[in-house]
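Participant: One structure is given below, represented as structure tokens, and several questions about it will come after.
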Amino acid sequence: MALYEHVFLARQDVSAQQVDALVEQYKGVIESFGGKVGRVENWGLKSLTYRIKKNRKAHYALMDIDAPAAAIHEMERQMRISEDVLRYMTVAVEAHEEGPSAMMQKRDRDDRPRRDGDDRGPRRDFGDRPRRDFGDRPPRGDRPAREDRA
């Protein structure tokens, strides 16, 4: 049997209990084919980047699956039929990750890289090149004509 990570998006107007029911339904399909569902994460209601079937938000759910390919095909077939599922994606993996997924890890503000220049390296030095000032440019009428316009 192969290892898979499966993520699906459910419509925004279904409740969290209905999303859990969808997860249990698809879990039953996998188990009926002799597979196992490991970690299940409900990522909650999140905004979509663009509208999908007139929905601006969706419930996200992740499942770690250890099952034969036939079980995955049947689950995806049922998801295509379901009106509650907007999108789904199944990816074959070498091994399942331990612990919470990247979406569930709480990142503290102190963990992010700082933007005050500490992580960017030294600023460029322009040497002795003078900085342009708004007043150092001649008025429009005093400028010579460009060759491509003459």
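Participant: Taking the conditions exactly as written (surrounded by fewer than 17 Cβ atoms within 10 Å (Cβ to Cβ), farther than 15 Å from HIS96 by Cβ, modelled with pLDDT under 95 and charged (D, E, K, R)), does LYS53 satisfy them or not? Spell out how you get there, then give the answer.
Facilitator: Values: surrounded by fewer than 17 Cβ atoms within 10 Å (Cβ to Cβ): yes; farther than 15 Å from HIS96 by Cβ: yes; modelled with pLDDT under 95: yes; charged (D, E, K, R): yes.
Considered against the rule, which asks whether it is surrounded by fewer than 17 Cβ atoms within 10 Å (Cβ to Cβ), farther than 15 Å from HIS96 by Cβ, modelled with pLDDT under 95 and charged (D, E, K, R), LYS53 comes out as yes.
Participant: Another question, if that's okay. Can you name the residue in the stretch 5-30 that is of a type in the set (A, V, I, L, M, F, W, C) and within 17 Å of LYS46 (Cα to Cα) and is also most open to solvent (accessible area, probe 1.4 Å) among such residues?
Facilitator: Keep residues of the stretch 5-30 that are of a type in the set (A, V, I, L, M, F, W, C), which gives 7-10, 14, 16, 19, 21-23, 29-30.
Still in the list and also within 17 Å of LYS46 (Cα to Cα): 7-10, 14, 16, 19.
On the way: VAL7: 30, PHE8: 0, LEU9: 22, ALA10: 0, VAL14: 10, ALA16: 48, VAL19: 1 Å².
Taking the candidates together, the pick is ALA16.
Participant: Residues to consider are GLY99, GLY121, GLY141, GLY127; find the one that is within 30 Å of GLY34 (Cβ to Cβ), loosely packed, with under 10 Cβ neighbours inside 10 Å and modelled with pLDDT under 90.
Facilitator: Working: GLY121 fails: within 30 Å of GLY34 (Cβ to Cβ); GLY141 fails: within 30 Å of GLY34 (Cβ to Cβ); GLY127 fails: within 30 Å of GLY34 (Cβ to Cβ).
Exactly one of GLY99, GLY121, GLY141, GLY127 is within 30 Å of GLY34 (Cβ to Cβ), loosely packed, with under 10 Cβ neighbours inside 10 Å and modelled with pLDDT under 90, namely GLY99.
Participant: Taking the stated definitions as given, is MET89 more than 21 Å from MET1 (Cβ to Cβ) and open to solvent by 30 Å² or more (accessible area, probe 1.4 Å)?
Facilitator: Working: more than 21 Å from MET1 (Cβ to Cβ): no; open to solvent by 30 Å² or more (accessible area, probe 1.4 Å): yes.
No.
Participant: β-branched (Val, Ile, Thr), open to solvent by less than 40 Å² (accessible area, probe 1.4 Å) and either in contact with a Ser or Thr (Cβ under 6 Å, 6 or more places away or on another chain) or under 17 Å from GLU83 (Cβ atoms) (or both) - does that describe any residue in the stretch 31-41?
Facilitator: Step one: of the stretch 31-41, the residues β-branched (Val, Ile, Thr) are 37, 40.
Filter again for open to solvent by less than 40 Å² (accessible area, probe 1.4 Å), leaving 37.
Still in the list and also either in contact with a Ser or Thr (Cβ under 6 Å, 6 or more places away or on another chain) or under 17 Å from GLU83 (Cβ atoms) (or both): none.
Within the stretch 31-41, not a single residue is β-branched (Val, Ile, Thr), open to solvent by less than 40 Å² (accessible area, probe 1.4 Å) and either in contact with a Ser or Thr (Cβ under 6 Å, 6 or more places away or on another chain) or under 17 Å from GLU83 (Cβ atoms) (or both).
Participant: Something else about it: Would it be correct to say that GLY34 is assigned to a loop (DSSP other than H, G, I, E, B) and under 13 Å from ILE65 (Cβ atoms)?
Facilitator: On the way: assigned to a loop (DSSP other than H, G, I, E, B): yes; under 13 Å from ILE65 (Cβ atoms): yes.
Here the answer is yes, as GLY34 does meet what is asked.
The values are calculated or read from the model by the stated rules, or taken from the named source; none is laboratory data. Since the model is a prediction, treat every value here as computed from it, not as a measurement. Counting neighbours? That spans all protein chains shown, and the Cβs are built from the backbone with ideal geometry, glycine included. What goes into the accessible areas is simple: the full protein's heavy atoms, side chains included, and nothing from ligands, DNA or RNA. Shrake-Rupley method; radii C 1.70, N 1.55, O 1.52, S 1.80 Å.
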